[in-house]
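All remarks here apply to the structure that follows.
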Amino acid sequence: MRLSDRDRVLILAFGNVARGDDSLGIRFGECISNENVENVDVEMDYQLKIEMSADLLNYDKVVFVDASVSCREPFEFYKIEPDTSLGFTTHSMKPETLLTVCKSCFGKTPTETWILAIRGYNFDLADEISERALKNLSDALEFFRNNLVLKRRYEDGTEEKNYIDY
Amino acid sequence: MSAKSEKKIVINPVTRIEGHAKVTILLDDKGKVKHARLHVIEFRGFERFVQGRFYWEAPTIVQRLCGICPVSHHLCAAKATDVIVGAKKLTPTAEKMRRLMHYGQTLQSHALHFFHLCSPDLLFGFDAPVEQRNVIGVIKADPETAKKAVLLRKYGQEVIRFTAGKRIHGTGAIPGGINKNLSTEERDILAKDIDIILQWCIEALELCKKVVKSKLDFFLKFGAFDSNHLSIVREDGCLDLYDGLLRAKTADGKIICDKVKPEDYLDYIAEEVRPWSYMKFPFIRSLGKEKGWYRVGPLSRINNCDFIDTPIAEKERQELMSLTKGKPINASMAYHWARMIELVHSAEKIKELLSDPELQGTELITQGKRQKRGVAWIEAPRGTLFHHYEINDNDQIVLANLIVSTTNNNEPMNKVVEVLARDYLEGKSEKEITEGLLNHIEVGIRAYDPCLSCATHALGQMPLHVQLYDHNGALLDEAIR
């Protein structure tokens, strides 16, 4: 993912914090939200919903962040395109389907969209996250900070720029 | 497979509903339906999850029960904790803010269900190709309507965000009131679009009516069966989605109970457990398990109320009720029509509230004498939702009993499966039972807009899986989509 100074980036993180490792996306979103990353907005929700297609219009690059029951450890990061195949329910949507809705209804999509899938293991009712999932979250955050953060402004006014080409 | 052997049809999972459920239909050796069941195969366990938490955490924690209607749980828990903190009457600002949040939730929930979950069936036909019968098919067929549906949802979400404070884990409602009012800036943003939102809601209702009226006889008979109806209504009989007293009517409109207060619900409602489903079966005590089950949700609310206090929705209610000369309607597909009347009502209510200066009031909280027990209800988009909490001296929850809307509709959903299996599958050979025919069963279930979710949705879930068994349990055929 190539970022430039002008790019507006959305991190769309989702999951349920009462469902053990299903909270991985939200925990990731909260961490990034607490860092002062310029050009990056963070939205969090329980799951992807069809109206979020309208939110995507405001951004050049979008990263969907979710827990995964089956991705490679510790996480996978891959580009996606609009896809008309559906999950079994359309109360919640696949990111690829959301892009299709965005394109069909509004005539455009962000220029690039990616999925950051973080491997989880326990999705039962629980406040806690499993140790293995926590390690995966840590690796995903490190990857994001090292590779995808474009510009970070510190409280003392200094800036750190990180032009990346992933 | 021999035409004279018993066969079991399994639909697993049921699609375009929220959460995991499967349907089993057992046909005997003559092809007659022996039994038809909707099984809920996900265990919630949420009532135990909240035990030990402080009562003031309940309105926030219970939102995690469901990613689809967190606002309903948030508000119902807040209402129950109002009782615990002794807040007998909220300040006008607090009650109106909560109502605004609730109408926003109802608007976006009903819009989603109509446009994206049920309209593929209504617009393309129950046995249209499965690749067309979904939200993408609707968008391809009518992108402008689909866009309006997305923007209706977005508007509802904005109402929720401005009233709940944020998009997820909102804290707008707290025991005894609210923690923020609606700023004039927020009011102006919402007011700017409410007229067009109301117009789109009316268009949705007209579209629904057009489809239903085009085959009125078919829709009134499809999945129809007599039932009791239960909902809350305002003390004067008006439709009220946020607060009121419980009313139940028989299938022909006789009052079973009326003006029941929340704290007395256990005197009127009991729950039965059956071994083949994780979801309980509520019933009206005075009528017993066999005759006491009931419907809830938009259709029951329209059937039960005496009038609606917004002009367009009231006119539409009168038109719907004229189909049965004022008697309750017992057709499952009438849920869609009733749901769209509530969509319009919600938009009318939002418009009314946005012009009320009390939303900018600053008295947000009330308190009174502390109680150990708090019971409340609310009309969630899918039907009556009950929350009951008891606390100890340390303010920790020691008992939680939640009867969620879809649980109230458990027996009716089983009934609609049975009725439709008899009407559409009985006597059919294996080859004749097509995917389109099985979708008829799902159409009946979807009319109730069930939500069986615990909001878990990690990447990698299962697609639809249909299996056909013989009477010995041997798998004869299967299909995955």
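The values are calculated or read from the model by the stated rules, or taken from the named source; none is laboratory data. All figures in this text were calculated on a predicted structure; none of them were measured in a lab. Ideal geometry is used to build each Cβ from the backbone, glycine not excepted, and the neighbour counts take in all protein chains shown. Just so you know, the surface numbers come from the protein's heavy atoms only, side chains and all, with ligands and any DNA or RNA stripped out. Shrake-Rupley method; radii C 1.70, N 1.55, O 1.52, S 1.80 Å.
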Taking the alpha-carbon distance from B:Lys325 and a cut-off under 12 Å, which aspartates and glutamates remain once sequence neighbours fewer than 8 residues away in the same chain are dropped? B:Asp252
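Shape of the range B:279-393 from its Cα gyration tensor (a ≥ b ≥ c, root eigenvalues): rounded if a/c is under 1.5, otherwise prolate when a/b > b/c, or oblate? Before the final figure, lay out the partial values.
Working: a/c = 2.87, a/b = 1.12, b/c = 2.55.
Oblate shape, in that a/c is at least 1.5 and b/c is the bigger or equal ratio.
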C-alpha center-to-center spacing [the range B:52-102, the range B:208-277] in angstrom: 23 Å
Please list the non-local residues whose amide H lies under 5 Å from the amide H of B:Leu27, H modeled 1.01 Å from N, same-chain partners needing a gap of 5 or more. B:Lys7, B:Lys8, B:Ile9, B:Lys34
In whole Hz, with x marking every Gly and Pro, tabulate ³J(HN,Hα) for the range B:390-405 from phi via Karplus 6.51 cos²θ - 1.76 cosθ + 1.60, θ = phi - 60°. 10, 10, 9, 5, 8, 6, 8, 6, 10, 8, 9, 10, 10, 10, 8, 3
By how many degrees, between 0 and 90 and to the nearest 10, does the Cα long axis of helix B:184-214 differ from the longest principal axis of chain B? 30 degrees
For the range B:119-247, just say rounded, prolate or oblate: build the C-alpha gyration tensor, square-root its eigenvalues into a ≥ b ≥ c, call rounded for a/c under 1.5, and beyond that prolate if a/b exceeds b/c, oblate if not. oblate
Need one number: buried accessible surface between chains B and A, 1.4 Å probe, both sides summed, DNA, RNA and ligands left out, in Å² to 100. 4100 Å²
Across the range B:129-137, in residue order, what do the Karplus-derived ³J(HN,Hα) couplings come to in whole Hz, using 6.51 cos²θ - 1.76 cosθ + 1.60 with θ = phi - 60° and x for Gly and Pro? x, 4, 6, 8, 7, 7, 4, 5, x
Want the number for B:Glu272 to B:Thr324: 0.36 nm per residue separation, take away the alpha-carbon distance, what's left? 15.5 nm
Which of B:Ser231, B:Phe307, B:Gly156, positive extreme of dipole for chain B (C-beta unit charges): B:Ser231
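Sorting B:Arg98, B:Arg167 by accessible area (1.4 Å probe), largest first, what list results?
Values: B:Arg98 0, B:Arg167 60 Å².
These residues rank, largest area first, as B:Arg167, B:Arg98.
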Put simply, what bits of the range A:96-112 lose 50 Å² or more of accessible area when the other protein chains are there, versus the chain on its own (1.4 Å probe)? A:Cys105, A:Phe106
A:Ser33 accessible area, 1.4 Å probe, all protein chains in place, Å² to nearest 10: 60 Å²
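Distance check, please: which entries in A:Lys103/B:Lys154; B:Lys147/B:Lys215; A:Lys49/A:Lys94; B:Lys192/B:Lys349; B:Lys249/B:Lys291 exceed 18 angstrom between their Cα atoms?
Values: A:Lys103/B:Lys154 16 Å; B:Lys147/B:Lys215 27 Å; A:Lys49/A:Lys94 9 Å; B:Lys192/B:Lys349 15 Å; B:Lys249/B:Lys291 12 Å.
Result: B:Lys147/B:Lys215 exceed 18 Å.
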Can you grab the distance from the C-alpha centre of the range B:309-341 to the C-alpha centre of the range B:379-438, Å, no decimals? 22 Å
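For peptide B:151-159, what's the mean number of Cβ atoms from other chains within 10 Å of each residue's Cβ? Walk me through the numbers before you get to the answer.
Working: counts 5, 1, 6, 7, 1, 1, 6, 1, 0.
Whole-number average of other-chain Cβ neighbours for B:151-159 is 3.
Give me the dipole magnitude in Debye, nearest 20, for the protein assembly as shown about the Cα centre, with unit charges on the beta carbon: positive for Lys and Arg, negative for Asp and Glu.
On the way: 87 positive and 94 negative charges, 297 e Å.
I would put it at about 1420 debye.
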Over the protein assembly as shown, with the other protein chains present, what is the accessible area per residue in square angstrom, probe 1.4 angstrom? 38 Å²
Whole-Hz Karplus ³J(HN,Hα) for the range A:93-105, in order, using 6.51 cos²θ - 1.76 cosθ + 1.60 and θ = phi - 60°, x for Gly and Pro? 10, 6, x, 5, 5, 4, 5, 4, 4, 4, 5, 5, 7
Three-way shape label, chain B, alpha-carbon gyration tensor, a/c 1.5: prolate
Return the long-range amide H neighbours of A:Val42 (sequence gap of 5 or more, or a different chain), with a cut-off of under 5 Å between placed amide H atoms. A:Ile11
Mind ranking B:Thr60, B:Thr434, A:Thr111 by accessible surface for me, highest first, 1.4 Å probe? A:Thr111, B:Thr434, B:Thr60
Roughly what would the spin-label model give for B:Asp356 and B:Lys215, points 7 Å off Cα along C-beta, in nm? 4.1 nm
Dipole of the protein assembly as shown (Lys/Arg Cβ +1, Asp/Glu Cβ -1, origin at the Cα centre): which of B:Ile341, B:Val33, A:Pro82 lies farthest to the positive side? B:Val33
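Only sites in a loop by DSSP and with at most 16 other Cβ atoms within 10 Å count here; which trypsin sites (Lys or Arg not before Pro) in the range B:311-403 make the cut? The partial results should precede the final answer.
Working: sites: B:Lys315, B:Arg317, B:Lys325, B:Arg339, B:Lys349, B:Lys351, B:Lys369, B:Arg370, B:Lys372, B:Arg373, B:Arg382; in loops: B:Lys325, B:Lys369, B:Arg370, B:Lys372, B:Arg382.
Passing sites in the range B:311-403 are B:Lys325, B:Lys369, B:Arg370, B:Lys372.
Probe radius 1.4 Å, ligands and nucleic acids ignored: give me the carbon and sulfur share of the accessible area of the protein assembly as shown as a rounded percent.
49 percent
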At least 20 Å² accessible surface lost relative to isolated chain, residues of the range A:39-67 (1.4 Å probe): A:Glu43, A:Met44, A:Asp45, A:Tyr46, A:Gln47, A:Lys49, A:Ile50, A:Glu51, A:Ala54, A:Asp55, A:Asp66
Relative to the first principal axis of the alpha-carbon coordinates of chain B, what is the inclination of helix B:143-164, with its axis defined by its Cα atoms, in degrees from 0 to 90 and to the nearest 10? 40 degrees
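With a Förster radius of 41 Å, plug the Cβ-Cβ distance of B:Glu144 and B:Ala191 into 1/(1 + (r/R0)^6) and report the FRET value to the nearest 0.05. The partial results should precede the final answer.
Values: r = 24 Å, r/R0 = 0.59.
Given R0 = 41 Å and the Cβ-Cβ separation, E is 0.95.
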Long-range HN-HN contacts of A:Phe64 with modeled amide H, under 5 Å: A:Leu12, A:Trp114, A:Ile115, A:Leu116
Helix B:410-424 sits off the longest principal axis of the Cα atoms of chain B, rounded to the nearest 10 on a 0 to 90 degree scale, by 30 degrees
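To the nearest whole number, what is the average tally of beta carbon atoms from other chains within 10 Å of the beta carbons of peptide B:136-147?
For this peptide, the per-residue mean of nearby foreign Cβ atoms is 4.
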